[in-house]
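The values are calculated or read from the model by the stated rules, or taken from the named source; none is laboratory data. Keep in mind that what you see is a predicted model, and the values were worked out from it rather than measured. Here the Cβ positions follow ideal geometry from the backbone for every residue, glycine too, while neighbour counts run over all protein chains shown. Side chains included, ligands, DNA and RNA excluded: accessible areas come from the protein's heavy atoms. Shrake-Rupley method; radii C 1.70, N 1.55, O 1.52, S 1.80 Å.
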2 protein chains.
Amino acid sequence: MSVPRWDLSTTIATSLTLEDIADATLAPEPQHETPVLQVVSEAFSKEYEAICLPLTTEAWKQRWSLMCLESSVPGASEEEKEAAERAAETWRLRPSFLKEEVTITRLDEAERVIAMVSEWLELDSPDDGIRTDAETALQQELSYASYLNIHTAILPPPRIRNRDYVASYARAISSCLRSTSYITLSVRLPIYDPSLFQRSSALYPTVHPGSPSQSLKSPPTPALVVSDANQDRQQTSETSLNATWEMWDLIRSMCDYNPRLTLTLDLSPALPTSLGVLSKWAAESVRHIFLPASTFIANMKGYPVLPKPTQAFLKGSMIHRPTIILADANAQKHARGGERAYAQYIRHLEKTSPHIQAVQKPGTVENFAQGYQDFLQAPLQPLMDNLPSQTYQTFERDPVKYAQYEEAMYKAFLDRPPDSTTLVCIAGAGRGPLVARCLTALERANRQATVYVVEKNPNAFVTLQRRQDREWGTKVRLIFGDMRAIDVPEKVDIVVSELLGSFGDNELSPECLDGAMRFLKPEGISIPSSYTAHLAPLSSSKLYNEARSGRDEKGLETPYVVMFQAVNILSGTKSSADGRCGPQIQECWEFEHPLREAVLDPRGLPLSNNHNVRSAKLRFYIPHAGVLHGLAGYFEAVLYGNVGLSIHPQRKDQISKDMLSWFPLFFPFKEPLYLPSDSELQVSIWRLTNDKQVWYEWHAESFLSIPKRLTDNDELLRPVGKSPPSIPNSPSGIASPLMDSQDPLGLSFFRRSSLIAPSLSSSLSYHEPEYESVKIGHTSLHNPGGRSSWLGL
Amino acid sequence: MSVPRWDLSTTIATSLTLEDIADATLAPEPQHETPVLQVVSEAFSKEYEAICLPLTTEAWKQRWSLMCLESSVPGASEEEKEAAERAAETWRLRPSFLKEEVTITRLDEAERVIAMVSEWLELDSPDDGIRTDAETALQQELSYASYLNIHTAILPPPRIRNRDYVASYARAISSCLRSTSYITLSVRLPIYDPSLFQRSSALYPTVHPGSPSQSLKSPPTPALVVSDANQDRQQTSETSLNATWEMWDLIRSMCDYNPRLTLTLDLSPALPTSLGVLSKWAAESVRHIFLPASTFIANMKGYPVLPKPTQAFLKGSMIHRPTIILADANAQKHARGGERAYAQYIRHLEKTSPHIQAVQKPGTVENFAQGYQDFLQAPLQPLMDNLPSQTYQTFERDPVKYAQYEEAMYKAFLDRPPDSTTLVCIAGAGRGPLVARCLTALERANRQATVYVVEKNPNAFVTLQRRQDREWGTKVRLIFGDMRAIDVPEKVDIVVSELLGSFGDNELSPECLDGAMRFLKPEGISIPSSYTAHLAPLSSSKLYNEARSGRDEKGLETPYVVMFQAVNILSGTKSSADGRCGPQIQECWEFEHPLREAVLDPRGLPLSNNHNVRSAKLRFYIPHAGVLHGLAGYFEAVLYGNVGLSIHPQRKDQISKDMLSWFPLFFPFKEPLYLPSDSELQVSIWRLTNDKQVWYEWHAESFLSIPKRLTDNDELLRPVGKSPPSIPNSPSGIASPLMDSQDPLGLSFFRRSSLIAPSLSSSLSYHEPEYESVKIGHTSLHNPGGRSSWLGL
């Protein structure tokens, strides 16, 4: 497969303004035909690789306001108003610009330009008319950008204070995505509502809310007008911190995860020192990062550097190759370094990013996996399919996996009596890597052995024969056939196999080894002796889109092998305080070999495959809001004694560091499931079987712990302690009407007296509310009956 | 369309037991060949129309337990255990019954029989092995029932105490639905967890939880074993009351709303006097209602009657035609009336059900709509399509609509000077019903008029010509053509139209009347003068299934006209206490005619259709948990003065009682959205237009109000007052690391001291928690760009 290798150069762009263009107009000796060509050329000469430029001028804003905002000319006569409305209607029928209303008019001016859409367009205005006209203006602007071959347009952000109209904003974007064909729309959003911390930046000054028309009449106003500048810090809740991500989530969902919709994340606001609450952005399509010079602070020598949390976030983001947009770098905000110091500093961050360093270091999984990040591969079916030699070769390259196998065999041999001859069976030898390791281990342990080598792939069996001739000689005996069907001349002491998949059992290791256990002496051992499957819930717009863009609708009910990159694990690193939820990554089930107490048929095979059915019900704590797109699957195996294999993210480095052979498994969900902060996710997964197939089914439910809501006959009561308490006026202690009628069983129902906590009768004293877990959502059952994905026995 | 009319006879069934069959075996003079034929025949002779019968005997239970439950024979030898396991493995490979293990063996025994599946099958056992074997046994039983041509099998309920394994129960049912082809599976569930009220009934005695194997060894045990018999009433929360519905919701969802999956609702538990919390069952597929004799109480004379709440619930349910299953009716639990008294009482309830009475009364909408309940019709496109005469005829039958129009015209004429000649235009006359009413109104008001009659349907225009010849003569002048294109000889005083759809504007009345307003004098009026569109959120498994079973995947993005029946409106009848949410049914927008201040082209038509764009953002309070499947759309119109038309459920009887012409509109959602109790639903809806089409787009988001969660740098804190409070051990007041570094702007972030409420430092004093609204879910944007459904201009 031809895939791109990592390109170190993150793109760095500069954001230019109308003023920059105006300045160029006044330049004494212009070297280019137009002011735009002048500023663009200057930017490229400063080694910026892209330019952000507003597409429209002040003239367009004035004409649009005059046409579309009734209040734009206070005291206008009726005739003037009618003329404006007539002009607006004419414009609505055929939207178009006059040449003075746009900054760019030539194709050569637009090269490497990212268009900044007019930031005064109120796509989230509460006023239907203004919003509709803003949408028309946006369509017009995007149409013009497309005409100029501009590939990306950055949209003005929705405004926190217009939260109620984000859905309308999103609907307008969805409409624009349908009416354009290739241009990428990028929604500019601050990483969180900057008003939470009362910090004003160049981009987001704190402005008091005004009517839309007012804000349009004030001098060039930033589009994001924050909700309440006087908020005090006590109100900083998780929900407020999430507000901008939640807007993005709504927009992205309402645009149906359109791949032409991306994010321009504005890092102007100061970031928290712990980035947990921000990790969700890693699962989103962050194409640009906006960094005004005012975000930088000066280091000891006066050069611009970023605050530590912003550094950390940016280093973490580098793996996603965003374009970094620097703004105001020419404003001389820092004493030393000049304009180029900002870009140089960004390059420095890129080079020191641990992710980038890992990618560049040979031998790491990150280096090995280049080009495979977030690439969905169907899991192997080595039992049904005979693997090609190329696949074997790729796996044989793993230096760690086979070293671990050799170590396990070495230790197993050491535990054998020194003068004994050990009988070994390599079950499923492929092209023979385990045979070679077995012989080395025997030599190291100074033990004798007879090695039976079983392989069912007729093509690989040719390679085995060749290696026997050239390398192994009579030390090994080759047997051709399926380990579930053939016979080995004598019972062996050790069966060695490498049948594990990313999820442990997902390449049918349990079923194959059930067959191979026939060869084993009663006290014989299996290498591996056991393996476990592990799961964690994940979010990833990328993987969700990849999975559903597959061949057919079954794509979202099939597990994939994938090297995760634009992925965020949603579960918290710690278990929940009440102990209901387990750790971030949880074990589903285990398989052990040999199987004890199986009922066998005369051939020594289990009568049914019933004993290989498994199921798990897991509870994950979700600290920060996110969207569930799937489950990450991992395995761990015990080969022998303390020698193992692991791709469990938290343990792999202790057990089998730098092992390359397995990427994780990804179980997708058809319907993204929204999970609020502080919620609980319950995952059910089943490993099922019939006489021909094995398959997984999976399902998830979400819960939120909230104060218990008591109920009476008529209406829900507010939870105890909820403010303001709503006390029914009726006297308490009313008996049910049933009590008054004939009721031989003495039934009564919902007696008010027993349901209203006494404390509620005084609004001044509150009692500790009792909490209960409330269901808030679920997915459908995935892959029922193995209809979309199964493993052939 | 041929549709069934209402059949009064609700089916009444009796539930027979193994004991009943055993008694028949001992009958001295059997009149039938087999005991089953004997009991079945006796039941039919008592006028039961169906029989519920257990399909398996005690012998099967014993064999299954011996094979599949390790603990079934305490003290068994190793050999005995191995023999049992071998027998189990053999059974798993080829599940089959011995003849003693089933009650029915002949086809004639199974006629009109509903099979009761072995109620000891633990499909929700926490033990993987037991659960898998129970599923195999269920498949075997269903396969046998299918062999006997039995059409319905009632399944044992999942158990409250095994809530964690309901997903496994559901998965097993989903598997059975796939492996059978026509048999209906009905899940038996009590209407709520009966243990909440410590009432033991014949079906649900209070049993202490035991291990699965224990419960299997005890004498015939009911499958539903309640969680905690010692719960006290203080714990009766909305969530507990919802528990059984929530289990059903999970099962139904995981089985992907399979139409062969139904509910058998057990009414044994005493019901609340207010049924609000139970109304959700109306939206589900309740096929059977289980009523043991112990549910009945005795009236003054000693005859069995039902408690009032159960009566009310049952009367309300009659419209859905469930089969009522009576159990223990022969146990002589009541002094008077004998066995037949129970069925007679059910018939009495059916006859006195207000719904049934409404259906039987000619002239009601319920009577008119028979056969159309929950039947999805595509809305008319009378502008694009020319209606057939049959459609006109159906609408002309409405006695109320045209009476209202006549009254409106009459009042409008009365307001004209007595000696004037009024110029009237009937815009869109169809076959002429408004023309006739207009002439009658003129006569009643004693006014003169010239009546221009405009119609664009060439076929209907033939009818108009005929009526002019025969009835109207020169009083009217016919004009053929589209009201947006033709000319009327003179400007008129009144334009009368009947262009309204179920949602008001959804048959393009606004656009058509924009054209007709050209004929109107400056002070002229339109009848109707205005109309409004209204929405309410609804739940209905039936409508969801109908919408998605349509022609293509667009079926779930298209509004339908439908007479609601198996539907539950989810919004609360009252606004929420905090005033955030509006009433149960909310107004979206209004259209008024004539349009003032429009910019017109030389022909008098609006330049663009921009002024007919509308949008609404509505907030509904959801008191009781439910699943959102769509929106119910209604309209109200002001014809003239205080004369109007309304299909608004709460106001139609005051405004236009018994009007038949419009069923509500149904906007479906593609993805059912789970809404917890006490939540908030925000609905966005847009009416959009381009130069060729008009369409709606819609979207919903859900929120829950929960105690505000404060956050610090590292982890989420528990909400203030949450129990047990988790106090971080670190000292409060730590400055952010940013404070210690160079930070010229003086930034700080998430200072602990300001975020932890002081009260948290003592676990004994709790303060009133502050609440905030937290997003918990959303749907996708429906019908973006009118891609699935639009109205042609």
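Which ones in the range A:262-286 are in contact (Cβ under 8 Å) with a residue 40 or more places away in the chain and β-branched (Val, Ile, Thr)?
The answer is A:Thr262, A:Thr264, A:Val277.
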Let me spell it out: the conditions are (1) surrounded by fewer than 18 Cβ atoms within 10 Å (Cβ to Cβ); (2) of a type in the set (D, E, K, R); (3) at pLDDT 90 or above, and A:Lys401 meets all of them except one. Which number is the exception? (1)
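Which count do you get for residues in the range A:272-288 that are of a type in the set (A, V, I, L, M), closer than 16 Å to A:Pro190 by Cβ and either more than 14 Å from chain B (Cβ to nearest Cβ) or open to solvent by 20 Å² or more (accessible area, probe 1.4 Å) (or both)?
Of the residues in that region, 2 qualify.
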Hey, does the range B:425-437 have a residue that's open to solvent by 30 Å² or more (accessible area, probe 1.4 Å) and either over 25 Å from B:Gly504 (Cβ atoms) or among the polar types (S, T, N, Q) (or both)? no
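Conditions tested, residue by residue: (1) outside any strand (DSSP E or B); (2) among the β-branched types (Val, Ile, Thr).
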{"site": "B:Thr244", "(1), (2)": "yes, yes"}
{"site": "B:Thr262", "(1), (2)": "no, yes"}
{"site": "B:Ala282", "(1), (2)": "yes, no"}
{"site": "B:Arg287", "(1), (2)": "no, no"}
{"site": "B:Leu291", "(1), (2)": "no, no"}
{"site": "B:Ser294", "(1), (2)": "yes, no"}
{"site": "B:Lys301", "(1), (2)": "yes, no"}
Of all residues in the range A:124-151, count the ones that are part of a loop (DSSP other than H, G, I, E, B) and away from chain B (no Cβ under 14 Å). 4
Unmet criterion (only one of (1) away from chain B (no Cβ under 13 Å); (2) without any contact (Cβ under 8 Å) to a residue 60 or more places away in the chain) for A:Thr573: (1)
Could you go through the range A:596-615 and let me know if any residue there is touching a Leu at 6+ places or on another chain (Cβ under 8 Å), within 30 Å of A:Lys542 (Cβ to Cβ) and either open to solvent by 30 Å² or more (accessible area, probe 1.4 Å) or in the same structural domain as A:Glu557 (by the TED database) (or both). no
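May I ask you to say which residue of A:His629, A:His624 is buried (at least 20 other Cβ atoms within 10 Å of the Cβ) and not in a loop (DSSP other than H, G, I, E, B)?
A:His629 is the lone residue from the list that is buried (at least 20 other Cβ atoms within 10 Å of the Cβ) and not in a loop (DSSP other than H, G, I, E, B).
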Any residue at all in the range A:146-169 that's modelled with pLDDT of 95 or more, more than 22 Å from A:Pro322 (Cα to Cα), in contact with a Lys or Arg (Cβ under 9 Å, 6 or more places away or on another chain) and of a type in the set (Gly, Ala, Ser)? yes
Which members of the range A:374-393 meet the condition of being closer than 16 Å to A:Met659 by Cα and open to solvent by less than 50 Å² (accessible area, probe 1.4 Å)? A:Tyr392
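Yes/no matrix, rows are residues, columns are (1) in contact (Cβ under 8 Å) with a residue 40 or more places away in the chain; (2) in contact with a Cys (Cβ under 8 Å, 6 or more places away or on another chain); (3) open to solvent by 60 Å² or more (accessible area, probe 1.4 Å):
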position	(1), (2), (3)
A:Thr17	no, no, no
A:Thr25	no, no, yes
A:Glu33	no, no, yes
A:Val39	no, no, no
A:Phe44	yes, no, no
A:Glu58	yes, no, yes
A:Gly75	no, no, yes
A:Glu82	no, no, yes
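Look at the range A:86-112 and say how many of its residues are within 14 Å of chain B (Cβ to nearest Cβ) and open to solvent by less than 60 Å² (accessible area, probe 1.4 Å).
6
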Tell me whether the range B:396-409 contains one or more residues that are in contact with a Leu (Cβ under 6 Å, 6 or more places away or on another chain) and of a type in the set (Gly, Ala, Ser). yes
Residues being open to solvent by less than 10 Å² (accessible area, probe 1.4 Å) and more than 13 Å from chain A (Cβ to nearest Cβ) - total across the range B:245-266: 5
Taking into account only those residues within the range B:308-331 that are more than 20 Å from B:Ala50 (Cβ to Cβ) and of a type in the set (S, T, N, Q), which is least open to solvent (accessible area, probe 1.4 Å)? B:Thr310
Of all residues in the range A:444-466, which are closer than 12 Å to A:Ala429 by Cα and charged (D, E, K, R)? A:Glu455, A:Lys456
Identify all residues within the range A:555-567 that are closer than 24 Å to A:Val359 by Cβ and open to solvent by less than 20 Å² (accessible area, probe 1.4 Å); write none if there are none. A:Tyr560, A:Val562, A:Ala566
Can we say A:Gly371 is on the phi > 0 side of the Ramachandran plot, over 27 Å from the mean Cα position of the chain (by Cα) and either at pLDDT 90 or above or surrounded by 12 or more Cβ atoms within 10 Å (Cβ to Cβ) (or both)? no
Output for the range B:599-621, where each listed residue is more than 8 Å from chain A (Cβ to nearest Cβ) and part of a strand (DSSP E or B): B:Leu600, B:Ala616, B:Leu618, B:Arg619, B:Phe620, B:Tyr621
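I need the full set of residues from the range B:770-790 which are within 27 Å of the chain's Cα centre (by Cα) and either more than 7 Å from chain A (Cβ to nearest Cβ) or small (Gly, Ala, Ser) (or both), in order please.
The answer is B:Ser773, B:Gly777, B:Thr779, B:Ser780, B:His782, B:Asn783, B:Gly786, B:Arg787, B:Ser788, B:Ser789, B:Trp790.
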Residues that are open to solvent by 10 Å² or more (accessible area, probe 1.4 Å) and under 20 Å from the mean Cα position of the chain (by Cα), drawn from the range B:635-649: B:Ile647, B:Pro649
What are the pairs with Cβ atoms under 6 angstrom where one residue, in the range A:149-169, is closer than 14 Å to B:Glu701 by Cβ and the other, located anywhere, is part of a helix (DSSP H, G or I) and open to solvent by 10 Å² or more (accessible area, probe 1.4 Å)? Sequence gap at least six, or different chains. A:Ser168/A:Arg131
Expected single match for within 30 Å of A:Asp415 (Cα to Cα) and aliphatic (A, V, I, L, M) among A:Ala616, A:Ala637 is A:Ala637
Close pairs from the range A:354-375: first within 22 Å of A:Leu314 (Cβ to Cβ) and not assigned by the TED database to the domain that holds A:Ser540, partner open to solvent by 60 Å² or more (accessible area, probe 1.4 Å) and in a helix (DSSP H, G or I), Cβ under 6 Å, at least 6 apart: A:Ala358/A:Glu366; A:Val359/A:Glu366; A:Asp374/A:Lys542
The condition of being within 35 Å of the chain's Cα centre (by Cα) and under 27 Å from B:Glu597 (Cβ atoms) holds, among A:Ala137, A:Ala76, only for A:Ala137
Any idea which residue in the range A:332-354 is modelled with the highest pLDDT, counting only those that are in contact with an Asp or Glu (Cβ under 9 Å, 6 or more places away or on another chain) and surrounded by fewer than 17 Cβ atoms within 10 Å (Cβ to Cβ)? A:Arg340
Given the condition assigned to a helix (DSSP H, G or I) and farther than 23 Å from B:Leu688 by Cα, answer yes or no: does some residue in the range A:165-181 qualify? no
